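Have a look at the structure below, then the notes.
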Amino acid sequence: MAEYEFPPDLLDAQRAYVAAHARVQEVTDALPSSMATLAGEAEVSEEQREELAAARAERLRWVSVLYADHPWWATVDNPAKARAALQETVKA
C-alpha cells in the first residue's frame, strides 16, 4: 500500500505541472543557442520571448496550485517526502 493517498486533483495538478515543464523545455530547445546569440549569429524573436514567458508562467501557476494553494499539504508530517512520493506516483 502506498504511504500517501493523494487527492485526485493533486495528481491532476502534478500531471499538468509535468506537461507545463515539458512545454518550457520544448520552447527553450527551439531557441537559438546562447553562443550563437552572443556571437551575433542569431537572435531570439519577440514571439519566442513571449512564448517562453507564457510557458514559464503556466509552469509557475501549476507550482502554486501544487504546493502553495493545495490544503492537502497541511495534512502530512513530511511535505518534502510527500512531494517526492507525488512525483514518483505520477511518473509510474
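Please treat every number below as a calculation from the coordinates, not as lab data. Here the structure is a predicted model, which is why all the values come from computation and not from measurement. Here Cβ is always computed from backbone atoms with ideal geometry, including for glycine, and neighbour counts include all displayed protein chains.
Please go through segment 2-42 and pick out each residue that is under 30 Å from Asp77 (Cβ atoms) and either in contact with a Gly (Cβ under 6 Å, 6 or more places away or on another chain) or of a type in the set (D, E, K, R) (or both).
We begin by selecting, within segment 2-42, every residue under 30 Å from Asp77 (Cβ atoms); these are 2-21.
Within segment 2-42, Glu3, Glu5, Asp9, Asp12, Arg15 meet the criteria.
For (1) in contact with a helix residue (DSSP H, G or I) (Cβ under 8 Å, 6 or more places away or on another chain); (2) exposed (fewer than 14 other Cβ atoms within 10 Å of the Cβ), each residue gets a yes or a no:
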residue	(1), (2)
Gln25	no, yes
Thr28	yes, yes
Thr37	no, yes
Gly40	no, yes
Glu43	yes, yes
Arg49	no, yes
Ala68	no, yes
Trp72	yes, no
Lys81	no, yes
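What's the total number of residues in segment 51-63 that are of a type in the set (Gly, Ala, Ser) and surrounded by 13 or more Cβ atoms within 10 Å (Cβ to Cβ)? Break it down into steps so the answer makes sense when it comes.
Going residue by residue through segment 51-63, those that are of a type in the set (Gly, Ala, Ser) are 53-55, 57.
After this cut, where a residue has to be surrounded by 13 or more Cβ atoms within 10 Å (Cβ to Cβ) as well, the list is 54-55.
Of the residues in segment 51-63, 2 are of a type in the set (Gly, Ala, Ser) and surrounded by 13 or more Cβ atoms within 10 Å (Cβ to Cβ).
In segment 1-23, what residues are of a type in the set (A, V, I, L, M, F, W, C), free of Cβ contacts under 8 Å to residues at least 24 places away in the same chain and either part of a helix (DSSP H, G or I) or surrounded by 12 or more Cβ atoms within 10 Å (Cβ to Cβ) (or both)? Before the answer, list the steps.
Going residue by residue through segment 1-23, those that are of a type in the set (A, V, I, L, M, F, W, C) are 1-2, 6, 10-11, 13, 16, 18-20, 22.
Keeping just the survivors that are free of Cβ contacts under 8 Å to residues at least 24 places away in the same chain gives 1, 19, 22.
Result: Ala19, Ala22.
In segment 30-47, is there at least one residue being assigned to a helix (DSSP H, G or I), free of Cβ contacts under 8 Å to residues at least 40 places away in the same chain, closer than 29 Å to Thr89 by Cα and more than 18 Å from the chain's Cα centre (by Cα)? Full working, then the answer.
As a first pass, look at segment 30-47 and keep what is assigned to a helix (DSSP H, G or I): 30, 34-38, 46-47.
Now restrict to residues that are free of Cβ contacts under 8 Å to residues at least 40 places away in the same chain: 30, 34-38, 46-47.
Okay, now just the ones that are also closer than 29 Å to Thr89 by Cα, so none.
No, segment 30-47 contains no residue that is assigned to a helix (DSSP H, G or I), free of Cβ contacts under 8 Å to residues at least 40 places away in the same chain, closer than 29 Å to Thr89 by Cα and more than 18 Å from the chain's Cα centre (by Cα).
Which members of segment 26-60 meet the condition of being among the hydrophobic types (A, V, I, L, M, F, W, C) and over 30 Å from Asp12 (Cα atoms)? Spell out the reasoning first.
Looking only at segment 26-60, we keep the residues that are among the hydrophobic types (A, V, I, L, M, F, W, C), and these are 27, 30-31, 35-36, 38-39, 42, 44, 52-55, 57, 60.
Of everything in segment 26-60, those that are among the hydrophobic types (A, V, I, L, M, F, W, C) and over 30 Å from Asp12 (Cα atoms) turn out to be Met35, Ala36, Leu38, Ala39, Ala42, Val44.
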